[in-house]
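Colleague: The structure follows.
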């Protein structure tokens, strides 16, 4: 898992500075709509490779059928877990504050 995580980090480090450069070239050469077409094509390629390259790791005997009641029970287990709540709540508060504050910033 660490090997794939390091690949992901290298990919992210490359994409952050490359994205504006690629987007700028696409916009100047083909117009602003080309960025959306490029992102759509890239998304389809990634989806295809994920569907082909990744196999299900959970054995068929361990799978449970999808149901609303089962999902609510699983969320109940998560919300009762002090470890999950101790990590999940503090890490999601900044994102919630950002999403709440962004529309309010328009008025100030």
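Read-outs: derived from the displayed coordinates by stated rules, not from any lab. Computed from a predicted model, the values in this text were never measured in an experiment. When we count neighbours, we look across all protein chains shown, and the Cβ atoms used for this are built from the backbone with ideal geometry, even at glycine.
Colleague: For the chain, what log10 I(q)/I(0) values come out of the Debye formula at q = 0.22 1/Å, with one point per alpha carbon and no solvent?
Modeller: These q points yield log10 I(q)/I(0) values of -1.15.
Colleague: Continuing with this model, one more query. For a label point 7 angstrom out from the Cα of residue 83 toward its Cβ, which stretches of segment 4-24 have the backbone nitrogen within less than 20 Å?
Modeller: none
Colleague: Still on this structure, please answer the following. Separation between the residue 25 and residue 49 pseudo-spin-labels, each 7 Å from Cα along Cα→Cβ, expressed in nm?
Modeller: Placing both labels 7 Å along Cα→Cβ, they lie 1.7 nm apart.
Colleague: If one takes the longest principal axis of the Cα atoms in the chain, at what angle in degrees, from 0 to 90 and to the nearest 10, does the Cα axis of helix 33-53 lie?
Modeller: Relative to the chain, helix 33-53 is tipped by roughly 40 degrees.
Colleague: Two-decimal Rg/Rh of segment 59-108 from alpha-carbon positions, Kirkwood Rh?
Modeller: Looking at segment 59-108, the ratio lands at 1.23.
Colleague: Using label points projected 7 Å from each Cα along Cα→Cβ, tell me how many nm separate residue 75 and residue 100, to one decimal.
Modeller: Those two pseudo-labels are separated by 1.9 nm.
Colleague: Taking the Cα centroid of segment 1-80 and of segment 82-108, what is the distance between the two, rounded to the nearest whole Å?
Modeller: Value for the Cα centre distance between the two parts: 22 Å.
Colleague: Now, a different point. In a solvent-free Debye calculation with one equal scatterer on each Cα, what is log10 I(q)/I(0) for segment 1-55 at q = 0.16, 0.19, 0.25, 0.30 Å⁻¹, listed in the order of the q values?
Modeller: Normalising to I(0) and taking log10 leaves -0.65, -0.82, -1.03, -1.09.
Colleague: Hey, rough spin-label estimate for residue 92 and residue 63, points 7 angstrom out along Cα→Cβ, what's it come to in nanometres?
Modeller: A separation of 2.7 nm, rounded to one decimal place.
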